[in-house]
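These notes concern the structure reproduced below.
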Amino acid sequence: MPAPLLEINTKPDLPSYADCVVIGGGIVGVCAAYWLARAGQNVVLLEKGRVGCEQSSRNWGWCRQQNRDARELPLSTASLRLWEQIGEDLGPETGFSRCGLLYLSDNEAELEGWEKWGQFARGQGVDTRMLTGTRATEMAQATGRTWRGGVWSPSDGVADTSRAVPAIAQGVEKHGGRVIQFCAARGVELAAGRVAGVVTERGTIRTPNVVVAGGAWASSFMYQLAVRFPQASVRSSILSVKPGGEGLPAALHTAGVSVTRRADGGHTLAISGSAAVDPTPGMLYGARHFLPMFAKRWRSLVAGGAQGWRAGFETRRIWALDRETPMERVRVLDPKPSKRLIANTLQRARALLPALRDIPVQAAWAGYVDSTPDGVPVIDADVGIPGLVLAAGLSGHGFGIGPGVGHLVADMVVGRTTLTETAQYRLKRFDKSQWGKVAEF
């Protein structure tokens, strides 16, 4: 079943021209369109289904700096500020709050790793605090047990996965942009080698600039343009329980299970890193790129089934622009969650937090988390086609850093100084071996 999501209405008519067309209505696409609209651009956002309906509403909702890879940390810090700016503009609908994130552990090696990261991060101005066993146990009273130590990151927080993307999409229209749902982009038209338009299922929009922010669909879309973007997706399974469970931390991570308070008073439950690998043509095509990542994380992954192959989001077929494409046949990626993983997650959460033992399950869902070979996104305006920007492969971090990624994209499109350095997000980095380059987080 889909994760809970606010549905918004948008006008269906297609304009003939735009300064920029953004393809993909997840957190990255809506944030890119939002910042472009605020910059005075005539921007059109295209979404094949409903905005926010795929992974942007199927994640934990965490907006964190804690344990970020060094290449992503500046973007994570900037994104927290931008979440606040969006809230000042649009009101509380995004549900963003710097509620703080609590990490607990009994593993000495894990604690040492957190301390090492903290020494680096504090040098970058991040407020991250190591907890003694006594302090960790005090802050974790809801677990009813003692802990060896932990980390408290008070400036990190969460946003409402059920409302944030639709709210920002409404912000796009507030600032003069257009959001068009249930309209798939089939491809990009070129003239003299550069972007000239976007072909949709309803017609063509003339434009000199295109942003591809298609999430799990981005690799197959770029393949149509002969741009090789290595991307693989794993199927994560998450559940929520109904409101209740008073006295729990707003956001808690342990090796066994992670728990996040939802805006409705319920809680999202998940096991960090656990996912199923559903083979796809794109995954097989790019297998050599992903060997280092799978070698490092194989313990948390299990073999999946044929859901991903059937969905067609990582196809390696060339489709015609005057016929139905895979995006129109599957408007929303809504895979089935793993019953075994859902049951295991619920069992762990109830064992960790006694307050959840009598709270019934509210919903369970799955989603495809798109990743790059090194676990760091691609945000690049130099992919071989002038006028085209690729922003994808967010590797499970997209919701939290979405505002920053969108701002970087807008910077690239309008030609202004970028929010952060961008060299680490270049697509060309995958021309080299990825051994030893997988992100640490």
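Here are a few things to note about the model shown:
- Figure legend. Inter-residue proximity from the stretch 230-252: first residues on the phi > 0 side of the Ramachandran plot, second residues open to solvent by 20 Å² or more (accessible area, probe 1.4 Å), beta-carbon distance below 7 Å, spacing 6+ or different chains. Indicated pairs: G244/I359; G245/A355; G245/I359; G247/A142; G247/A355.
- Residue count for the stretch 1-26, restricted to those that are in a loop (DSSP other than H, G, I, E, B) and β-branched (V, I, T): 2
- Between A295, A287, A275, A311, the distinction of being hydrophobic (A, V, I, L, M, F, W, C), touching a Pro at 6+ places or on another chain (Cβ under 9 Å) and farther than 22 Å from W114 by Cβ belongs to A311 only.
- Here F294 meets the list (1) in contact with a Ser or Thr (Cβ under 9 Å, 6 or more places away or on another chain); (2) within 24 Å of S56 (Cα to Cα) almost entirely, failing just condition (1).
- Whenever a residue of the stretch 1-14 is farther than 15 Å from W365 by Cβ and of a type in the set (D, E), its partners that are part of a loop (DSSP other than H, G, I, E, B) and open to solvent by 60 Å² or more (accessible area, probe 1.4 Å), lying with C-beta atoms within less than 9 angstrom and at least six residues away or across chains, give the pairs D13/R202.
- Inspection of the stretch 27-48 finds no residue satisfying the criterion of being under 24 Å from D264 (Cβ atoms), assigned to a loop (DSSP other than H, G, I, E, B) and in contact (Cβ under 8 Å) with a residue 40 or more places away in the chain.
- Count of residues meeting criterion [outside any loop (DSSP other than H, G, I, E, B) and crowded, with 22+ Cβ neighbours inside 10 Å] in the stretch 201-225: 12
- For the stretch 46-66, the set of residues classified as within 22 Å of T422 (Cβ to Cβ) and not charged (D, E, K, R) consists of C63, Q65, listed by residue number.
- Enumeration of residues in the stretch 239-274 that are open to solvent by 10 Å² or more (accessible area, probe 1.4 Å) and closer than 24 Å to P377 by Cα: H253, I271, S272, G273, S274
- Enumerated helices (runs of 4 or more DSSP H) restricted to the stretch 289-393, each holding at least 1 residues that are open to solvent by 40 Å² or more (accessible area, probe 1.4 Å) and over 24 Å from G52 (Cβ atoms): 307-311, 339-352
- Checklist (1) more than 18 Å from C63 (Cβ to Cβ); (2) at pLDDT 95 or above; (3) assigned to a helix (DSSP H, G or I) applied to F430, failing item: (2)
- Every residue from the stretch 276-308 that is closer than 16 Å to Q231 by Cα and at pLDDT 90 or above: A276, V277, D278, P279, T280, P281, G308
- Criterion: of a type in the set (V, I, T), closer than 20 Å to A392 by Cα, in contact with a strand residue (DSSP E or B) (Cβ under 9 Å, 6 or more places away or on another chain) and touching a residue at least 12 places away in the same chain (Cβ under 8 Å) - qualifying residue of V277, V332: V277
- Among residues of the stretch 177-198 that are over 23 Å from A39 (Cα atoms) and β-branched (V, I, T), those with a beta-carbon under 7 Å from a residue that is at pLDDT 95 or above and not in a strand (DSSP E or B) at least six positions away or on a different chain give the pairs V188/L225.
- Positions within the stretch 164-180 being buried (at least 22 other Cβ atoms within 10 Å of the Cβ) and not in a strand (DSSP E or B), in sequence order: A164, V165, P166, A167, I168, A169, G171, V172, G177
- Inter-residue pairs, beta-carbon under 6 Å, first among the β-branched types (V, I, T) and in the stretch 152-170, second part of a helix (DSSP H, G or I), 6+ apart: T161/S57; V165/I27; V165/V30; V165/S56; I168/V30; I168/Y34
- Condition broken by P4, with the remaining ones in (1) open to solvent by 20 Å² or more (accessible area, probe 1.4 Å); (2) more than 23 Å from L269 (Cβ to Cβ) satisfied: (2)
The values are calculated or read from the model by the stated rules, or taken from the named source; none is laboratory data. Values in this document were obtained by computation on a predicted structure and should not be read as measured data. Because the Cβ atoms are built from the backbone with ideal geometry, glycine has one as well, and the counts that use them run over all protein chains shown. All accessible areas refer to the heavy atoms of the entire protein, side chains included, with ligands and DNA or RNA removed. Shrake-Rupley method; radii C 1.70, N 1.55, O 1.52, S 1.80 Å.
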